[in-house]
Structure formats: structure tokens, C-alpha cells
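**Student:** Mind having a look at this structure? Questions to follow.
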Amino acid sequence: MQIFLHHFIWYLICFYFLKNMSFPVIIYWYHINERNFFMRLRKDTDDIQEEEILLIAKVSDALAHPARIKIFRYIMQANRAMVLVCNKDLVEYFDYAQATISQHTKKLAESGLIEVKKQDKFSYYYANLGVLMKYLNATKKFSVTQ
């Protein structure tokens, strides 16, 4: 009776987690001993591409620091208001050292979230919303529960 109850509970758990998946899944059951089972899932069709996985990793790394999130958000809002943003503006607004701002903007630029245009001795920053949208779409594909 205990083994039957254990099997039934596993089936309920699996049904709960798998009922909303939008891709075909094969479930493999392995019997370890009379009490323990574990499950392995194999996805038949991989709908997320390698470049999308790399994009998720790169952009997530860039947004892993709270200061970079704030800087990116500030640049997006300024660009929406048609205001140019340079290093000096970011230093004044965030009260960080110029070197710290440069380090964070470099990381954001490497991920593709911002573009840097140099004019004279100033660097102007523009949010790249195309990369942000690709990132959001890739993470939506990546998530199990859509």
C-alpha cells in the first residue's frame, strides 16, 4: 500500500508540473529502491537556439549588478525623453566615481544593451532596445512555465 501511495503521489506531482508545458516531454522513471524514485525529462524538440542561450547569459551577467540596472534604466528613460546621456551626467546623477561609471557602462556595452558614441572628449550612451527585446523573448522561451 505504501508503494502504491508513493507512486500515486509522484504521478500527481508530475502531472501538476507538466500539465502546462508547451513542448513534448518524455518521462523516464527509474526505480532506485522500493521507496525512492527519480524522474528524468528529455525534451524532444529544442526550440531555444544556441545564440539565444548566449544572449541570455551575456545580458543576465550585465544586469547582475544593481548599479548597472539603475544605469541602464536611467539611459532608457533619458533616451525616451530625447536627452543625450554622457559619463558626466551619470556621475552627477548616481554619485559614483567616474571610473565606476565607466566600468559599469563598459559591461553594459559589451552585452549590447547600450551603444556608445564618442564625440570629442565625451561618450554618449544610447539604450539598444532591440537587444533588450531579444533578451526578453529568449527568456520567455527559456522558462518552463509560459
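The values are calculated or read from the model by the stated rules, or taken from the named source; none is laboratory data. Owing to the predicted nature of the structure, the values given are computational and were not obtained by experimental measurement. Virtual Cβ from ideal backbone geometry, glycine too; neighbours counted across all protein chains shown.
**Student:** Can you pull out the residues in segment 49-82 that are under 15 Å from the mean Cα position of the chain (by Cα) and farther than 21 Å from GLN103 by Cα?
**Tutor:** Listed by number, the residues that qualify are GLN49, GLU50, GLU51, GLU52, ILE53, LEU54.
**Student:** Still on this structure, I have one more. State all residues of segment 97-142 that are surrounded by 15 or more Cβ atoms within 10 Å (Cβ to Cβ), assigned to a loop (DSSP other than H, G, I, E, B) and out of contact with any helix residue (DSSP H, G or I) (no Cβ under 7 Å at 6 or more places or on another chain); if no residue qualifies, say none.
**Tutor:** Answer for segment 97-142, where residues must be surrounded by 15 or more Cβ atoms within 10 Å (Cβ to Cβ), assigned to a loop (DSSP other than H, G, I, E, B) and out of contact with any helix residue (DSSP H, G or I) (no Cβ under 7 Å at 6 or more places or on another chain): just ASN128.
**Student:** Still on this model: Exactly one condition in (1) modelled with pLDDT of 95 or more; (2) part of a loop (DSSP other than H, G, I, E, B) is not met by PHE72; state its number.
**Tutor:** (2)
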